[in-house]
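Every number here is computed from the coordinates shown, using simple stated rules; none is lab data. Remember, it's a predicted structure, so these values are computed and weren't measured experimentally. Cβ: placed from backbone, ideal geometry, glycine included. Neighbour counts: every protein chain shown.
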Amino acid sequence: MSAAKPVFLVTGADLARPALDLLNDFEVVYAGKAPSDDDIVGLCRQHDPVAIIVRYGKVGDAAMAAAPSLKVISKHGSGTDTIDKAAAQARGIKVVAAVGANAAAVAEQALALMLACAKSVVSLNERMHAGHWDKATHKSLELAGRTVGLVGLGAIGQRFAKMADAMGMRVIGFDPYAKDLPDFITPVPLDAIWRDADVVSLHCPLTDDNRNLLNAQTLARCKRGVILVNTARGGLVDEAALLEALSSGQVASAGLDTFQVEPMSAGHPFQGVPHLILSPHIGGVTGDAYLNMGLAAARNALDVLERHTVAA
């Protein structure tokens, strides 16, 4: 180890100041803005952290093996698919997440993407800047009275559902783990989402079972002209199938904040595609969410370490 204090490794370049203030008894080591797997393994080997706060990159078995003092891996956010949870369980390392800390931010991003798709915000803006006035020829989609289908009804999905309900939309949702849902969400089987929704919005974690959930077959079962919004995980969508569905008009438009490979490289097939609105996985990146996620990630990790201390 490089210091007398036990180490918190942050797989990012920073952490909110109030979160850092909670970690005064630890040395905090940063992995940088875009750490590779090798970077994280090397820092684990060098510093033997007792805790890792995961912002970017992946924490796999090799990183855990390089840190024999590691007790907890704490996600700076809600999705833990970048952490090898099976390896952590085998090593007795607790995995925790800041569930709900960025719910408002991500739900608002989903709403923004849905509205941008329905109202052609991006294309009309580009046309206006080019000197066009399309009032006589353009018609947007009115969302009031239409059905939005949500896959995933956790903190983010329910927050988005509340906003959609306030707009006069019918809200249906699928989540086998959700309980005590509010009255404005009608739980339905997954097949009903594809069949009945005018807008499909994804709010579920990525698992081996739902990878490529939106694929050629499921997209074909959707209403023609459906709008797709994904602020969850890129692996939920078969990107080649989505491009084909956009080209055929089966999907009228899509708003995506997350992708199978991040960051998106130059020349990606999505770039320049009409009716496809892209944002760089920033749904949860607001000042408030940054603070909330940092505090939750630090507190969650400290709680686990405290339990280890008491048990010892």
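Calculate how large, on average over all directions, the projected area of the Cα convex hull of the range 1-141 is; give the answer in nm² to one decimal.
On the way: hull surface 47.1 nm².
Average projection, Cα convex hull of the range 1-141: 11.8 nm².
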Ellipticity estimate at 222 nm from DSSP helix runs (n ≥ 4, -39,500 (n - 2.57)) divided over the chain, nearest 500: -10500 deg cm²/dmol
Pairwise label distance in nanometres, K139 with L181, each label 7 Å out on the Cα-Cβ vector: 3.2
Flagged links, alpha-carbon separation over 30 Å, of K33/K179; K94/K162; K135/K223; K119/K179; K33/K94; K75/K179: K33/K179; K94/K162; K119/K179
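Name the helices (complete DSSP H segments) of the chain with a Cα length along the long axis of 24 Å or more and a Kyte-Doolittle mean of at least -0.5, or state none.
Values: long enough: 287-311 (36 Å, 0.15).
Membrane-span-like by this rule: 287-311.
How big is D for the range 60-165, in µm² s⁻¹ as a whole number, if Stokes-Einstein is applied with the Kirkwood radius of its Cα pairs at 37 °C and 0.692 mPa s? Please report the intermediate quantities before stating the final value.
On the way: Rh = 17.5 Å.
It comes out at roughly 188 µm²/s.
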Cα-Cα P(r), the range 103-278, percent of pairs per 10 Å interval: 10, 40, 36, 12, 2, 0
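In Å, the Kirkwood hydrodynamic radius of the chain over pairs of distinct alpha carbons?
Working: mean 1/r = 0.0479 Å⁻¹.
Hydrodynamic radius (Kirkwood, Cα only) of the chain equals 20.9 Å.
What does the net charge come to around I83 if you take all other residues with beta carbon closer than 9 Å to its beta carbon, with K and R at +1 and D and E at -1?
On the way: positive: K58, K75, K85; negative: D81, D84.
Summing Lys and Arg as +1 and Asp and Glu as -1 gives +1.
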